[in-house]
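Report on one structure; see the data block that follows.
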Amino acid sequence: MNAGKRLDVSHLPTIAFGPRAPLWWGQIWMCTIESTVFALMVAAYFYLRLNYSEWPPPGAINPPPVLSTICLVLLCFSSVPMYMADVAAENAERNKVIGLLTFGMILGSIAFVLRIKYLMQLNYHWNSHAYGSIVWTLLVTHTAHLITAVVETLVTIVIAIKGPFGEKQRLGVYSNGPYWDFVVIWWVILYVVVILGDYYL
Amino acid sequence: MSTVVDTDVGLEGQLQNTWQSDGGIIGWFSNTSHTTIGKRYIVTALVFFVLAGIEAALMRIQLSRPDNHFLNPDLYNQMFTMHGTTMMFLFAVPMMEGMGIYLVPLMVGTRNVAFPRLNAYGYFVYLFGGILLYIAFFSNMGPDAGWFSYPPLSGPQYSPGKRVDTWAQMITFTELSGLVVAVELIVTVFKQRAVGMTLNRIPLFVWAMLVTSFMIMFAMPGVIVDSLFLALDRLIATHFFNPAEGGDVLLYQHLFWFFGHPEVYIIFIPAMGMISSIVTAFTRRPVFGYLPLVLSIVATGFIGFGLWVHHMFATGLPQLGESFFTAASMMITIPSGVQIFCWIASLWRSRPEFKTPLMFVIGFFLLFVMGGLTGVMVASVPFDLQAHDTYFVVAHFHYVLIGGAVFPLFGAFYFWFPKLTGRMLSERMGRWNFWLFFIGFNLTFFPMHILGLKGMARRVYTYPAEMGWGDLNMLASIGTVIIAASLLIFAINVMVSLRSGAIAGDNPWNADGLEWGTSSPPPVYNFLYLPVVEGRSALWDRSADEPVVCGVRSDRREILVTTLMDAAPDHRFVLPGPSMWPLGLALATAIAFIYGMFSPWAGPLAFVAAGISLIGWFWPKKDEEHPEEPA
């Protein structure tokens, strides 16, 4: 095929960020899938609640939401350095990326430790009753996502330190951002539904 | 500048060199080409189709006469569970996905899917899930609680042992694979369409795969959550479905059908796309009503999520809710009707060429309309309460699924076989294949309507002679023999044609899709030059000077990324090449899932193993660092 008209694209860049990049979309859809999982679990939570006249069931005592609130504040705040790291990755500022990611990761790690402490305070387990089953499943699922986000960030940091800090690595940092925000957003929702809802209602 | 090659021959060589996979066993396992992986999906799904077909045949032997003892009740339970599970999870969905993986990148004019390694991972996970199910089946651990495994029957109390666990884990494997395919197809369609392929020029099959992928994304989490809850109930004594501790068995049904009903459309919508391609090619003119067809596909995607409760009418839900779901179930006939009328309008006065693919489409019209009509019947609550769990429902969903999806799929086999293999299937054997399938199908499944109305329940392993169901059952069993003969002819056709079929050439049907604009089978890089699209029928609307894209580097796996709406050139992007890590991660996943049937510690173990594999996957490698482009 020796074509007449040719559209030359050799001048186009080889990297793009945000909705222009396939990787960003991949990350968004993965988060959409995981969000559907969480949404259905929350639906199950309310469905099981219909079976109870008292919710949480008598005997199940939720500790005061202090630890979870600190967790909430830390996670919400951690989105700021994570967002700034994305911007820095777009501008190829390697040291800034490393610093910001490390800061965000430390906040996330503290939130993880607080979460484990909170779980250990619960006086019921997943096999105590359906209430225990759904609360533990929701919290453990979220905690697993939180530690995944932390480890993913750690790996991104190590790769950035080790170098080279090329286009692939910069895109990697950038696609870490939406996942982190997804973990944070679901904690806001679960905090309202499971932590606040069950303590005050 | 090394990247610009003056002659087409030189370019061909360089592209071949860049895009080809490594040889040998390692090359086989590390392959990330979408055509290779698409073909693997198709072949694997066909193997499972044969296995599920054998199970169906064994059930038909058992039911052919009253008081038969060919299969014992326990084996019969496993048979219908394995048949349904295999057909739905290991044949229908992966088959449609395989067709999508193979065809979508060719149809949108790109060189590979957006995430090639993820694609390889998805295939291995699917394969391991299928193997697990069959190893379990042959070691007397086959699931036996039906393809939807309702608790309490499937719960720890009534299904001790590992049978249901096998089922629950296999589900997770195949759903995982389905989800990664959905994501990569959506992103491929969003970002890798040929320049000029605006939204209103996307081929209908690609629209169909896009809508299917979105449905997978929102439906499959339902069964993932459901099978997770079931596995937890069985393994660590949670109480999701245990009424004694505040759990609820109906929660299982809601979650299952929130997935299960869209699943029907996940199987059926790709078939809509296949029909549109076939009708266009054999009427030699653009399909009638492109816009209403696209809107119908999208509408079906949405309404498909509002029907799930019609599977649960017999559970005594509030009447208002039932009325809502009846209305929604009837509403879905509107987009289906629009589509059928559009295709009929396309065929009207068009002098269609009645080749085998089109014959299967015509067969689809008849069978699917029948299935649709019985669908409207069972959508009505009073009727459903009578027909629920009888052979009437079995007849209905086989008309919808075989008529609605398998017939178009066979049409698609005959239509795209030349593209996949470079050779034509025999038309004469194709005719035999079609007519025997059509006759055999009706003989098998039409009598089941009557058996259902006479009161024969699903899933009974035998029935006494006094019921008077013997003759119709015998008829159905004879039909099965005819279907088997037709499938045997298909298998022979494939074998013979692979070796000595007529050489197809690039475009044997003079069809309009971009996939016909490259050689058959396509080279590993798909297109020598990335195409530019100038109309809805890419090849028919192409202007005389055939504009193409140049300036995409051929010395590395570079593709052109275009904008979401207008498909204007945006940037160039390098896709990853062959890798063993997808296999590694799939093995880690498989071991963790299988261990998960026995111990809750599989969770943390899976986490660590997957983490290690993923880090290996993403760790930058020396040879992947390409020098920046010379100025």
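Applying the Karplus relation 6.51 cos²θ - 1.76 cosθ + 1.60 with θ = phi - 60° to the stretch B:51-65 yields 3J(HN,Hα) values of 4, 5, x, 4, 4, 4, 5, 4, 5, 5, 5, 4, 8, 5, 9 Hz, where x marks Gly and Pro.
Relative to the longest principal axis of the Cα atoms of chain B, the long axis of helix B:290-303 lies at roughly 40 degrees.
Distance from the C-alpha centroid of the stretch A:11-85 to that of the stretch B:80-118: 29 Å, rounded to the whole angstrom. Over all distinct Cα pairs, what is the inverse of the mean 1/r for the stretch B:396-554, reported as the Kirkwood hydrodynamic radius in Å? Final number for the Kirkwood radius of the stretch B:396-554 is 19.1 Å. Karplus-based coupling profile of the stretch B:239-245, in residue order and whole Hz: 10, 4, 10, 10, x, 5, 10, with θ = phi - 60° in 6.51 cos²θ - 1.76 cosθ + 1.60 and x standing for Gly or Pro. Projecting the alpha carbon convex hull of the stretch B:258-318 along each direction and taking the average yields 5.1 nm².
Using the Cβ of B:PHE80 as centre and a radius below 11 Å, the other residues enclosed give a net charge of 0, where K and R count +1 and D and E count -1.
Here chain B is treated with +1 on each Lys and Arg Cβ and -1 on each Asp and Glu Cβ, and its dipole about the Cα centre works out to around 1080 debye.
Measuring max minus min along each principal axis, the C-alpha atoms of chain A give extents of 77, 41, 23 Å (largest first).
An oblate overall shape is assigned to the protein assembly as shown, the ratio a/c of its alpha-carbon gyration tensor axes (a ≥ b ≥ c) being 1.5 or greater and a/b not exceeding b/c.
Taking all C-alpha pairs of the stretch B:197-334, those more than 25 Å from each other amount to 41 percent.
The value for the stretch B:507-631 of Rg(Cα) / (2.2 N^0.38 Å) is 1.55. Taking only the C-alpha atoms of chain B, Rg followed by Dmax gives 24.8, 87 Å.
How large is the helix-only mean residue ellipticity at 222 nm for chain B, computed as the sum of -39500 (n - 2.57) over DSSP H runs with n ≥ 4, divided by its residue count, in deg cm²/dmol to the nearest 500? Spell out each step's value before the answer.
Details: 20 runs with 383 residues, N = 631.
That calculation yields -21000 deg cm²/dmol at 222 nm.
How far is helix B:8-19 tilted off the main Cα axis of chain B, in degrees rounded to 10, range 0 to 90? Value to nearest ten degrees: 50. With the charge dipole of the stretch B:488-623 set up from +1 on Lys and Arg Cβ and -1 on Asp and Glu Cβ about the Cα centre, the Cα lying farthest toward the positive end among the listed residues B:ILE559, B:ALA609, B:PRO578 is that of B:ALA609. Each distinct pair of alpha carbons in the stretch B:327-445 adds a 1/r term; the inverse of their mean, the Kirkwood radius, is 15.7 Å.
How big is the gap, in Å, between the Cα center of the stretch B:407-485 and the Cα center of the stretch B:275-342? Between the Cα centre of the stretch B:407-485 and that of the stretch B:275-342, the gap is 25 Å.
A dipole drawn for the stretch B:468-601 from +1 and -1 charges on Cβ atoms has a positive end, and of B:GLY513, B:ALA588, B:THR480 the residue lying farthest that way is B:ALA588.
Using alpha carbon coordinates only, what is the Rg to Rh ratio of the stretch B:150-209, with Rh defined as the Kirkwood radius? Show your work: numbers first, answer last.
Details: Rg = 19.7 Å, Rh = 14.7 Å.
Value, to two decimals: 1.34.
Shown for the protein assembly as shown: lysine pairs separated by 8 or more places, or found on different chains, whose C-alpha atoms are under 20 Å apart, numbering 9.
The alpha carbon radius of gyration of the stretch B:464-537, expressed as a multiple of 2.2 N^0.38 Å, is 2.01.
Using the beta-carbon distance between B:ASP22 and B:ASP506 and R0 = 22 Å, what value does 1/(1 + (r/R0)^6) give for FRET efficiency, to the nearest 0.05?
Working: r = 28 Å, r/R0 = 1.27.
Approximately 0.20, to the nearest 0.05.
Using the C-alpha atoms of the stretch A:113-187, what convex hull volume per residue, in cubic angstrom, is computed?
Cα convex hull per residue, to the nearest whole number: 86 Å³.
The sum of -39500 (n - 2.57) across all DSSP H runs of n ≥ 4, divided by the residue count of chain A, sets its helix-only mean residue ellipticity at 222 nm to -25000 deg cm²/dmol.
Alpha-carbon geometry of the stretch B:403-476: the Rg and the Dmax are 17.7, 56 Å, given in that order. In degrees, nearest 10, range 0 to 90: what is the angle between the Cα axis of helix B:470-500 and the longest Cα principal axis of chain B? It works out to around 20 degrees. Distances between placed amide hydrogens fall under 5 Å for B:VAL549 paired with A:LEU7, B:LEU530, B:VAL532, all partners being 5 or more residues away or on another chain.
Here the convex hull built on the C-alpha positions of the stretch B:76-228 has a volume of 98 cubic angstrom per residue. Out of A:ILE15, A:ILE70, A:GLY177, whose Cα points farthest toward the positive end of the dipole of chain A (charges: +1 Lys, Arg; -1 Asp, Glu; placed on Cβ)? Result: A:ILE15, furthest along the dipole toward the positive end. Computed over neighbours whose Cβ is under 15 Å from that of A:HIS129, the net charge equals -4, Lys and Arg +1, Asp and Glu -1.
Under Stokes-Einstein, with the Kirkwood radius over Cα pairs standing in for Rh, what whole-number D in µm²/s applies to the stretch B:528-590 at 4 °C and 1.567 mPa s? Write down the numbers at each step before the final one.
Working: Rh = 14.7 Å.
Translational D for this selection: 88 µm²/s.
Could you size up the charge dipole of the stretch B:103-244 around its Cα centre, putting +1 on the beta carbon of Lys and Arg and -1 on that of Asp and Glu, and report it in debye to the nearest 20? Could you put the intermediate results ahead of the total?
Values: 8 positive and 6 negative charges, 111 e Å.
Around 540 debye, computed over the stretch B:103-244.
Computed from the coordinates by the stated procedures, all read-outs in this text should not be read as laboratory data. All figures in this text were calculated on a predicted structure; none of them were measured in a lab. Note: ideal-geometry Cβ built from the backbone for every residue, glycine included; neighbour counts use all protein chains shown.
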